[in-house]
Ligand code: BGC
């Protein structure tokens, strides 16, 4: 499935150095597009395929490969373009160290090498929420914001990115903070809300308690909510409480793609992978 891009010029070798491929591996979909690194715009269609189940490395890499083959066949890629892949877990040295919402066999698997072999181009892995943080600080709601910005992505899990004067403190993993004796995301992620069958008002009350817990530790100056659930903000915003102002992320569907591309393109704010 693909959506029209904001600006769809095919790959132009003269400007290829300013582009990178961003890939976002989520709990339900794998999405990818070519990104203009200077503007954050998507310069190819955004291609989405379902996340294979189980989401093993081999199955996910096959889906990523098929999406990139499609982009290549349509003339959007060139050989020099690096690819960034956002994954739902802690990334160190081109591997996942944790895997809450993706198959456990990713843990320790040499993902960067396997993707480089399949895609035939340099690959950088990055945590999906950290990728969203990179996108928001470069072009979105965290741009030029001084102080501490807490970004939470709410979807299958809860991801987090902490930005201090525009610098990312990577791998914060606040979705796994103990909240009501469990991992927070087991109560209040988007999929947990659906699984528990609770309404927006009750969810927002619990989410506000979670925010209060984080605020007592980090005293953020701004809270940004992203991920699939943030698209529904009109349904819950009136019940959310926090000390810091809360805003919705600028990029709802594409933050992970844009941030992964920025990481691949060597964004100075990106963590080492
Ligand atoms: C993972 C995080 C990820 C988040 C959102 C959590 O379960 O541990 O690394 O950012 O889900 O996908």
Practice task
Give the number of residues within the range 154-167 that are in contact with a helix residue (DSSP H, G or I) (Cβ under 9 Å, 6 or more places away or on another chain), within 16 Å of residue 137 (Cβ to Cβ) and either at pLDDT below 95 or away from the ligand (no atom under 13 Å from the Cβ) (or both).
Solution key: 3
Fill in the blank from the handout: In the range 243-273, residues that are assigned to a strand (DSSP E or B) and without any contact (Cβ under 8 Å) to a residue 60 or more places away in the chain total 1
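Here is a yes/no grid of residues against (1) in the same structural domain as residue 53 (by TED's automatic domain parsing); (2) in a helix (DSSP H, G or I); (3) within 15 Å of the ligand (Cβ to nearest atom):
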{"site": "100", "(1), (2), (3)": "yes, no, yes"}
{"site": "105", "(1), (2), (3)": "yes, yes, no"}
{"site": "109", "(1), (2), (3)": "yes, no, no"}
{"site": "112", "(1), (2), (3)": "yes, yes, no"}
{"site": "115", "(1), (2), (3)": "yes, yes, no"}
{"site": "118", "(1), (2), (3)": "yes, yes, no"}
{"site": "126", "(1), (2), (3)": "yes, no, yes"}
{"site": "137", "(1), (2), (3)": "no, yes, no"}
Exercise for the section: Would you mind stating whether residue 80 is part of a loop (DSSP other than H, G, I, E, B) and modelled with pLDDT under 95? Expected result: yes
Handout entry: The lone exception for residue 44 - which of (1) part of a loop (DSSP other than H, G, I, E, B); (2) surrounded by fewer than 24 Cβ atoms within 10 Å (Cβ to Cβ) it fails
Key = (2)
Problem - Members of the range 76-90 that are within 14 Å of the ligand (Cβ to nearest atom) and either free of Cβ contacts under 8 Å to residues at least 12 places away in the same chain or in contact with a helix residue (DSSP H, G or I) (Cβ under 8 Å, 6 or more places away or on another chain) (or both) - result: 85, 86, 87, 88, 89
Practice task
Taking residue 185 as meeting all but one of (1) under 15 Å from the mean Cα position of the chain (by Cα); (2) part of a helix (DSSP H, G or I); (3) surrounded by 22 or more Cβ atoms within 10 Å (Cβ to Cβ), write down the number of the exception.
Solution key: (1)
Problem - Within the range 155-171, tally of residues that are outside any strand (DSSP E or B) and more than 19 Å from residue 25 (Cβ to Cβ) - result: 2
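The values are calculated or read from the model by the stated rules, or taken from the named source; none is laboratory data. Nothing here was measured: the structure is a model prediction, and the numbers come from that model. Note that each Cβ is placed from the backbone with ideal geometry, even for glycine, and that neighbours are counted across all protein chains shown.
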